[in-house]
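Here the structure comes first, spelled out in structure tokens, and everything after it is commentary.
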Amino acid sequence: MSMDRRQFLKIAGLSTIGIGAGWILSRPGEFLEASQFLQTKEFLKAKQWAMVVDMRKFKTEEDYKKVIDACHKIHNVPDFGNPKDEIKWIWSDTFEHAFPGQESEFMPEQMKHKPFVLLCNHCENPPCVRVCPTKATFKRKDGITMQDPHRCIGCRYCMAACPFGARSFNYRDPKPAIKEPNPEYPTRMIGVVEKCTFCEERLAKGQMPACVEASNGALAFGDISDPNSEVRKILNANYTIRRKAELGTRPSVYYILDIPTSVVSGGESNA
């Protein structure tokens, strides 16, 4: 069959794109750096992504569950059913464990025992990136700290360097522990580290992180370098804290505390 030069170049170009897309999907850890192939015209971008967690809006166990389940389901996070093999991208823990050194024996009981939503802090100065020998964990220009499972050799240096316990190691094959696999997101393998990625694959499609969408306004996400962004406006209007800020990692996740009215007013609650 005869074919002119223009037809040949068109088919060759489509084949190249197809190979590129296949490479992106078959090498899940590297599709992140090549995500330009998958970006739509509406893809979200920022100079420095940041998140604000408003703990005043987490009232029931269901509020936490919706946020955690949204993240874990869409990212094929396995559930082995036991703490020993636990894999987590988002989880919850009490104030004294989440913010050691900031607790006080005289702090309100409501604050002391309230669970906090925790995740990778996507630090501006991430120690995990510095210690990784294969660059499996790396930092993007927009502030997202990434994890490439295909470069990961399972040394767990990044886990030792992370002061927030935000990384999980697959001691077992995670695939059998995924009840309903999401075909649009790659699964991992035994012997690699994984963690939250601020839903970078959703940002590339113009979507907000899954946890933000499921939180009913309890989580805010945006460009902290933009004074007109939602996160900047929230930070300007509320007192916030960050986890272990004294270490100098400069976390990009901020927390608005659920302080009882009596503490703020210095008197009895108006409730």
Problem - Approximate spin-label separation Arg242-Asp173, in nm, with each point projected 7 Å along Cα-to-Cβ - result: 4.1
Handout entry: chymotrypsin sites (Phe, Trp or Tyr not before Pro) restricted to DSSP loop in segment 99-152 with at most 16 other C-beta within 10 Å
Key = Phe106
Exercise for the section: Could you do me a favour and compute the accessible area per residue for segment 79-143, 1.4 Å probe, result in Å²? Expected result: 52
Exercise for the section: Beta carbons within 10 angstrom, averaged per residue: use that to sort the peptides 90-101, 119-130, 169-180, highest first. Expected result: 119-130, 90-101, 169-180
Problem - Kirkwood hydrodynamic radius of segment 34-264, from inverse mean 1/r over distinct Cα pairs, in Å - result: 18.4
Exercise for the section: For segment 34-264, with all protein chains present and a 1.4 Å probe, just round the carbon and sulfur fraction of the accessible area to a whole percent. Expected result: 52
Practice task
Can you tell me how much longer the chain between Cys155 and Glu62 gets when fully stretched, taken as 0.36 nm per residue apart minus their C-alpha distance, in nm with one decimal?
Solution key: 29.9 nm
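Assign unit charges at the C-beta atoms only (+1 for Lys and Arg, -1 for Asp and Glu), then state the dipole size of segment 34-264 relative to its Cα centre in Debye, rounded to the nearest 20.
720
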Practice task
Measure out, as a whole number of angstrom, how far apart the alpha-carbon centroids of segment 49-124 and segment 188-256 sit.
Solution key: 13
Handout entry: Highest-first arrangement of 155-162, 46-53, where packing means the average Cβ count within 10 Å
Key = 46-53, 155-162
Handout entry: D_trans [Stokes-Einstein, Kirkwood Rh over alpha-carbon pairs] for segment 63-133, 37 °C, 0.692 mPa s, µm² s⁻¹
Key = 226
Problem - Charge dipole magnitude, Cβ of K and R +1, D and E -1 - segment 130-271, Cα centre, debye nearest 20 - result: 720
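For a protection proxy built on the mean count of beta-carbon atoms within 10 angstrom, sort 230-238, 217-225 highest first, please.
Working: 230-238: 14.7, 217-225: 19.7.
Top to bottom by mean Cβ count within 10 Å: 217-225, 230-238.
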Practice task
Would you mind listing how long segment 126-203 runs along its three principal axes, going by Cα atoms, in whole Å with the largest first?
Solution key: 34, 29, 22
Problem - Net length gained if the chain between Glu230 and Asp69 were fully extended (0.36 nm per residue, minus Cα distance) - result: 55.5 nm
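The values are calculated or read from the model by the stated rules, or taken from the named source; none is laboratory data. It should be emphasised that the depicted structure is a prediction, and the values quoted were computed from it without experimental measurement. With ideal geometry, Cβ positions are generated from the backbone for all residues, glycine too; neighbour counts draw on all protein chains shown. We work out accessible area using only protein heavy atoms, side chains counted, and drop any ligands, DNA or RNA first. Shrake-Rupley method; radii C 1.70, N 1.55, O 1.52, S 1.80 Å.
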